[in-house]
Amino acid sequence: MLKILRQYLLMASLSFWASYTLQAQTTVNTQVKQINKVYQEIRSDVSHKKLGTSHFTFNLKRHNLHHSGYRHYSQKLYYSWQQEQACLRLALVRSERGRVDYQKEFLFNQKGELVYFQEKQNDEKKYPYREVKVYFAQGKLLVWNQNQQNNLHHQRIQSPVEKVQLIMQEAKALQADLHKQTKKP
């Protein structure tokens, strides 16, 4: 009798754990779908010029493209106005140094919280991925999705936790840049 009771409790606890895990995964998937929907809406607003813009570019004409010390940096901030204050919605950042190219996208919700980050890069020596997509919920990591590079041996420079901290710092810096640029005299 005791053996049957133990098996029953084990099966009940496994069933509860499985349903809880499935429910949590469903919630995450729903949040990711909502963030992707917001991303598509913001990209549509950008293409229809419904958002304010702020652009900054260093080395606009890309002089000395094939020079070993070549650098290019561009930052495009797209924002909406809420209660007479600019609210950053999308930031596109591109940085090139020599033959290494980084392209980053930051998506913010209406509260100004970072909800999505995407980076594409070709820095084979520094990172184990070509592209990473990171989803956030309430300032915390929700999903980290990266594709792996093929047959490359590298040393890890940063853990995902360290990278998330850097992403959050860069997002705050972009918001601060926007607030400086849109501050009314």
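The values are calculated or read from the model by the stated rules, or taken from the named source; none is laboratory data. Nothing here was measured: the structure is a model prediction, and the numbers come from that model. Note that we place each Cβ from the backbone using ideal geometry, even for glycine, and neighbour counts take in every protein chain shown. In case anyone asks, the SASA skips ligands and DNA or RNA and just uses the protein heavy atoms, side chains included. Shrake-Rupley method; radii C 1.70, N 1.55, O 1.52, S 1.80 Å.
Inspect all residues belonging to the range 23-45 and state whether any of them is buried (at least 16 other Cβ atoms within 10 Å of the Cβ), small (Gly, Ala, Ser) and modelled with pLDDT of 85 or more. The answer is no; no qualifying residue exists. Checked against (1) modelled with pLDDT under 90; (2) in contact with a Cys (Cβ under 9 Å, 6 or more places away or on another chain), Trp17 passes all but a single condition, namely (2). Report, by residue number, each residue of the range 111-135 that is at pLDDT 90 or above and of a type in the set (S, T, N, Q). The one that is at pLDDT 90 or above and of a type in the set (S, T, N, Q): Gln118.
Tallying residues that are open to solvent by 40 Å² or more (accessible area, probe 1.4 Å), modelled with pLDDT under 90 and touching a strand residue (DSSP E or B) at 6+ places or on another chain (Cβ under 6 Å) within the range 60-101 yields 4. Hey, any hits in the range 106-116 for a residue that's surrounded by fewer than 20 Cβ atoms within 10 Å (Cβ to Cβ) and either part of a strand (DSSP E or B) or within 11 Å of the chain's Cα centre (by Cα) (or both)? Checked against the condition, which is being surrounded by fewer than 20 Cβ atoms within 10 Å (Cβ to Cβ) and either part of a strand (DSSP E or B) or within 11 Å of the chain's Cα centre (by Cα) (or both), the range 106-116 yields no hits at all.
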